[in-house]
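**Student:** Below you'll find the structure I mean.
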Amino acid sequence: MGKKKITVVGSGNVGASVAAYASAQELGDIVLLDVIEGMPQGKGLDMWEATPVLGVDTRVLGTNQYEMTEGSDVIIVTAGIARKPGMSRDDLLATNVRIVAEVAEKASKFSPDAIMIIVSNPLDAMVYTAWKKSGYDPARILGMAGVLDTARFRSFLAEEIGVSVEDIHALVLGGHGDTMVPLTRYCFVGGIPITNFISEGRLAEIVQRTRQGGAEIVNLLKTGSAFYAPAASSVEMAKSILRDKKRLLPVAAYLNGEYGEKGIFVGVPAILGTSGVEKVIEIELLPEEQEAFDKSVEAVKGLVKEVDALL
Ligand code: A3D
C-alpha cells in the first residue's frame, strides 16, 4: 500500500490548518489548492520544510492546478468566504454555492474515486451542492460540523467538571447552525451520565454557549471565523477514512430513509471508513428531541431549495 493522497481545496485559514495537522500526523502526501497565485505554493513549501523537524515523511505541495490533485483518496473542501461579525452562515450561501459547485466539479473529475469532506458554509447546503456537482455516490460525500460542535461542547464541559477532554463523549444532531440539536442524554463522562456531574441549569448554559460557539470566535476575531478546531475536526474525519478506523462520529451524511428523511445531508452519527460513510446510526429520539431535529431539517431543506434555484 503506497502513501495516501489528500487534497485540500482552499488554502486559507481552515485549509492551511487542515494541511498542517494532516502533515503532522503523517496521514499522506498533501496537495494544497487555491485560486490565489503563489499563496498555496508558499504555504505548501513552508509546511514541507517543517517535516524534518516534525519527523514525518509528508510531501506538501501547493498549486493552482487541479491536475496536481489527480488520484486523491480524500478531498477536503474549505474554499469559500467565511463569516464576519453580524453575518449568519446562511448569508454565505449565494457566494459559496458558486465556489463549491466549481470545486466539486473540477476536483471530482481528477479523483473520481475519492471521498469528499466539505467544510464550506452553510455546511449542509454545501454538502448537497458538492454532491450534485461531483456525481459521487452520496456515501462518498460528507460534511464536517458535528465533530466541531461536540469538540466545543466537550472542551467547555471538561473545564467545568475538571476532567480530561478525552473522557467526555457527546453527540449533536441536525444542521450546522443555530438549530443544531445537542443530545445531552447521550453525553457521558468516562461512561457516567453527565447529569452526575453538573446541574441541568448549568448544562443548559453550556449547550447555549456551544450553539453560539462559532459566533463567539467570529466576534473576537472580527475578520473571519474559527479555524484551528474546525481543521482538527476535519482531519479527524479524514483519518478515520484513510486508515479505515470506523470511527463513529457526528457528520453531515446523506439520509436515505434514516430518521424519516430522504435526499438531504444533515448531521447524524455515522461510521467512517475507507468507503466513506459506511453506516448511518439511527437512535430513538424523545418527542422534544424529534421536534428539534425536524426543525433543524426544515432549516436545511430551506437552504437546499435556494441551492437548487442557483445551480
Ligand atoms: P478563508 O481563510 O477566507 O479561506 C478560504 C479560501 O478559499 C481563500 O484562500 C480563497 O482564496 C479560497 N477560494 C475562494 N474561491 C475558491 C475557488 N473557487 N477555488 C479554490 N479556492 C477558493 O476562510 P476560512 O478558511 O476561514 O473558511 C473557509 C470556509 O469554511 C468558509 O466558508 C467558512 O464558513 C467555513 N467553515 C466552516 C466550519 C464548519 O464548522 C462547517 C468551520 C469553520 C469554517
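**Student:** Ignoring ligands, DNA and RNA, what accessible area per residue does the chain give at 1.4 Å, in Å²?
**Tutor:** Ligands and nucleic acids excluded, the result is 44 Å² per residue.
**Student:** Then there is this: If you count, for each residue, the other Cβ atoms within 10 Å and average over each peptide, how do 236-246, 82-92, 275-285 line up from highest to lowest?
**Tutor:** Output ranking for 236-246, 82-92, 275-285: 236-246, 82-92, 275-285.
**Student:** Take each of the peptides 120-127, 63-70, average the number of other beta-carbon atoms within 10 Å over its residues, and list them starting from the highest.
**Tutor:** 120-127, 63-70
**Student:** Rounded, prolate or oblate, given the Cα gyration tensor of the range 39-190, with a/c below 1.5 counting as rounded?
**Tutor:** Oblate.
**Student:** Right, something else. Using the structure shown, select from 262/305; 132/305; 84/106; 246/295; 222/295; 239/262 the pairs with a Cα to Cα distance greater than 21 angstrom.
**Tutor:** Over 21 Å apart, Cα to Cα: 84/106; 246/295; 222/295; 239/262.
**Student:** HN-Hα J couplings of the range 262-268 from phi, Karplus 6.51/-1.76/1.60, θ = phi - 60°, integer Hz, Gly and Pro as x?
**Tutor:** Coupling constants for the range 262-268: 9, x, 10, 9, 7, x, 8 Hz.
**Student:** Going by amide H atoms built from the backbone, whose H comes under 5 Å of the H on residue 247, apart from near neighbours?
**Tutor:** 272
**Student:** List the aspartates and glutamates whose alpha-carbon lies under 12 Å from that of residue 279, not counting same-chain residues fewer than 8 positions away?
**Tutor:** 258
**Student:** How much net charge surrounds residue 123 when only other residues with a Cβ under 11 Å from its Cβ are counted (Lys, Arg +1; Asp, Glu -1)?
**Tutor:** -2
**Student:** Turning to a different aspect of this structure: Using a 1.4 Å probe on the protein chains only, how many percent of the accessible area of the range 48-90 belongs to carbon and sulfur?
**Tutor:** 52
**Student:** Got a sec to turn the phi values of the range 107-122 into Karplus ³J(HN,Hα) couplings, 6.51 cos²θ - 1.76 cosθ + 1.60 with θ = phi - 60°, whole Hz, x for Gly and Pro?
**Tutor:** 5, 5, 4, 8, 9, x, 10, 6, 9, 10, 10, 9, 10, 4, 9, x
**Student:** In whole angstrom, and with the biggest value first, how far do the Cα coordinates of the range 1-51 range along each principal axis?
**Tutor:** 33, 19, 16
**Student:** Follow-up question, since we're still on this one. Quick check: pseudo-label points 7 Å beyond the Cα along Cα→Cβ at residue 70 and residue 244, how many nm apart are they?
**Tutor:** Spacing of the two 7 Å Cα→Cβ label points: 2.6 nm.
**Student:** Take the solvent-accessible surface of the protein heavy atoms, probe 1.4 Å, and return the percent of it on the range 213-311 that carbon and sulfur atoms account for.
**Tutor:** 53
**Student:** Only bridges whose two residues both fall in the chain count here: according to DSSP, what percent of them are antiparallel, nearest 5?
**Tutor:** 50
**Student:** Along its three principal axes, how long is the range 1-97 when you only count alpha carbons? Whole Å, largest extent first please.
**Tutor:** Each principal axis gives a Cα extent; for the range 1-97 these are 43, 27, 24 Å.
**Student:** So for the chain, considering every pair of alpha-carbon atoms, how many percent are separated by more than 36 Å?
**Tutor:** Of all Cα-Cα pairs in the chain, 13 percent lie more than 36 Å apart.
**Student:** Once you have the Kirkwood Rh of the range 181-225 from its Cα pairs, apply Stokes-Einstein at 20 °C and 1.002 mPa s and quote D in µm²/s.
**Tutor:** 179
**Student:** Further, regarding this structure: Give a residue-ordered list of calculated ³J(HN,Hα) values for the range 129-143 (Karplus: 6.51 cos²θ - 1.76 cosθ + 1.60, θ = phi - 60°; whole Hz; x for Gly, Pro).
**Tutor:** Using θ = phi - 60°, the values come out as 4, 5, 4, 4, 8, 8, x, 5, 4, x, 5, 9, 10, 8, x Hz.
The values are calculated or read from the model by the stated rules, or taken from the named source; none is laboratory data. Since the structure is predicted, the reported quantities are computational estimates derived from the model, not experimental observations. As a convention, Cβ positions derive from the backbone with ideal geometry for all residues, glycine included, and neighbour counts pool all protein chains shown. When the accessible area is computed, the model is the full protein with side chains, heavy atoms only, and any ligands, DNA or RNA have been set aside. Shrake-Rupley method; radii C 1.70, N 1.55, O 1.52, S 1.80 Å.
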